[in-house]
């Protein structure tokens, strides 16, 4: 096994910093409450102290985590501004910008859900607002702080499979499964900025940019839709052309859930099963001419990793890798895929 | 496990026919001698009796299999015409047509290696020649007679994973590995008709058409090349759009050898490892909401299956699935991918 994988859960960015920051969660929907808040409880550098929601029941549910709560007007008015140092924006995509701008005005560091906003114009305004205010902005890309993907980048950088020539992957999230049904913002083009590409396809795009450390020369794609998805792409098939590598990807809002990612190199391949779901044990299979090995159960609490990474960067003033510019680049690429489709 | 997979090696086409046909092998190169002739020795309905080659050493090596041999002029002149009932054309792609025409003139059934020829015009002439002469023509697609893929088609037809919405796959054949080096016809655009797409990418295309039982509405692609491959595509990334499904595929002449194929449906997925190499044990993984199971070691002597299928069809007069029209359709699609690239 390559040495990159011997200590998978290593926090290569962690300097054992002092202190802890207090976080306001703006948009206390299912993902924020069900997935993020439980992980934040395990964070070393971060405590959630404030919850902002337009829904009284969501505010109540957030109070169960010990959060002081307010609504969006209260947040915009700075009602609880002394109780937090940073803001996590987890509203529908098209609403990110005003909340990021509020945080910037308040001088708070920001971590915004992906995509940064529903259009590149708005995403750019979010970046500019944080730059002007001199506050850090992180785009909440889970894979960039997932320890397994950080080890994978080290492995690839070390030539683990030679030159990467192709990548392939699929991320299918059956968005109508569960309790949400068709009446949700993810199926609203205006609010979401798009469908499967925006919500799940972006993982393939961003992870590939992260692993290769390189921007695509071009992207293109093909979209399909039907029934309740008619406003957005139900399926997207897209290609990203890099210097030495081409990625052929698909993503979907319907079908059997999958999240697979394969990297083809001149000297070997890496396949990851269960690659993109939050907080899931992942299976990584490396095959080269000399060796074949598997890492089963790699992964872990990646939301804890993501938020601790963010808080650590805020505490230490270190640069954030998945910053606002990174998030903006993906929104621009998403628009290019849609234009070509 | 779905009942389609309970008897994987079943020959659904076999009627226990009487008799045996005698085969002339036209083009006794490495694949014909190293892979095909050993498999033919195990065939029930076929005996190889004649070998045709322009190379004295290849003729000698073929004689070791008990073949009477001649050169291409001897074949064209009908020198050994009474010693065979059918012809297997295994020359470089661009030379298929004249040998198919000779066989048709001689009233012999034909099995031609894929692609049917280097251009669709020539492939069409080959089809016409056999139709006019009233002789059967089979394109030598291994996957269509591979028992595992025939079972897989039954499984899909039975709705094993619901509606197929996406397919993905890669076939990488490092053509410079081994003894051949860069001086070979597969790297000569004129002789081969193209590179990785023609030689290995066609497996993904044809297998998908076979499994879906449907022609793509459109195909498009992207090609890359370097160094010794400059005359043809070293890598190809291509997309085939069907009614309900889209396939995102890649194929390559360089890199770590792989052959993977995944089918995504509304109710499950099927992945096949080692999907396309000749005579290789394949691993099939089925995942649905209710079940997950693997077929390890499925596969077998698929060249024997291919040639027995052909001979059985010739003996019984039954229709051939991978016929000339099927081979011609792929050559046309290949040209469309190249045009778009």
Give me the compactness ratio for the stretch B:106-216, meaning the Cα radius of gyration over 2.2 N^0.38 Å. 1.26
At a Förster distance of 45 Å, what's the computed FRET efficiency of residue B:163 paired with residue A:63, Cβ-Cβ distance as r, to 0.05? 0.55
Rounded to two decimals, the Debye log10 I(q)/I(0) of the stretch A:1-160 (Cα scatterers, no solvent) at q = 0.08, 0.09, 0.12 Å⁻¹ is -0.26, -0.33, -0.57
If you take the C-alpha gyration tensor of the stretch A:26-112, multiply each eigenvalue by 5 and take the square root, what semi-axes do you get, largest first, in whole Å? 18, 15, 13
For the rotation that brings chain B onto chain A, whose beta-carbon in chain B is nearest the axis, and what is that distance in whole angstrom? B:248, 2
Could you list, bin by bin from short to long, the percent of Cα-Cα pairs of the stretch B:1-41 in 10 Å steps? 20, 30, 33, 15, 2
Counting other beta carbons within 10 Å of each residue's own, what order do B:138, A:1, B:143 fall into, fewest first? A:1, B:143, B:138
Be a star and scan the stretch A:308-336 for residues whose amide nitrogen sits under 14 Å from the point 7 Å along the Cα-to-Cβ vector of residue A:131. A:323-329
The stretch B:1-51 and the stretch A:252-306 have their Cα centres apart by a whole-number Å value of 39
Helix A:202-212: angle to the longest alpha-carbon principal axis of chain A, degrees 0 to 90, nearest 10? 60
Just A:305, A:260, A:214 to compare: in a GNM of chain A, with alpha carbon springs under 10 Å, which one fluctuates most? A:214
Relative to the present Cα-Cα distance, how much length would full extension add between residue B:321 and residue B:76 at 0.36 nm per residue of separation? 85.4 nm
Fewest to most neighbouring Cβ within 10 Å: what's the order for B:39, B:55? B:55, B:39
Provide the FRET efficiency to the nearest 0.05 for the residue B:31-residue B:280 pair, computing r from the beta carbons and using R0 = 25 Å. 0.95
Quote the FRET efficiency, to the nearest 0.05, computed for residue B:15 versus residue A:10 with a Förster distance R0 of 56 Å and r equal to the Cβ-Cβ distance. 0.35
Note: residue B:56 to residue B:154 extended length (0.36 nm per residue) minus current alpha-carbon separation gives 30.7 nm
Expressed in nm to one decimal, what extension gain is obtained for the pair residue B:2 and residue B:44 from 0.36 nm per residue of sequence separation less their Cα-Cα distance? 12.2 nm
Cα-only Rg/Rh for the stretch B:205-341 with Kirkwood Rh rounds to 0.99
Would you please calculate the Kirkwood hydrodynamic radius of the stretch A:49-90 over all C-alpha pairs and express it in Å, rounded to one decimal? 10.2
How large is the Kirkwood hydrodynamic radius of the protein assembly as shown, in angstrom, based on all distinct alpha carbon pairs? 27.2
Degrees separating the helix B:302-316 axis from the principal Cα axis of chain B, which is the longest one: 70
extent check for the stretch A:147-198: Cα max minus min per principal axis, descending, whole Å, gives 47, 21, 16
Candidates A:240, A:56, A:168, ranked by Gaussian network fluctuation over chain A, Cα under 10 Å, top entry: A:56
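No lab work stands behind these numbers, since they all come straight from the coordinates. Because the structure is predicted, anything quoted here is derived from the model rather than measured. For neighbour counting, all protein chains shown are included, and Cβ atoms are generated from backbone atoms with ideal geometry for every residue, glycine included.
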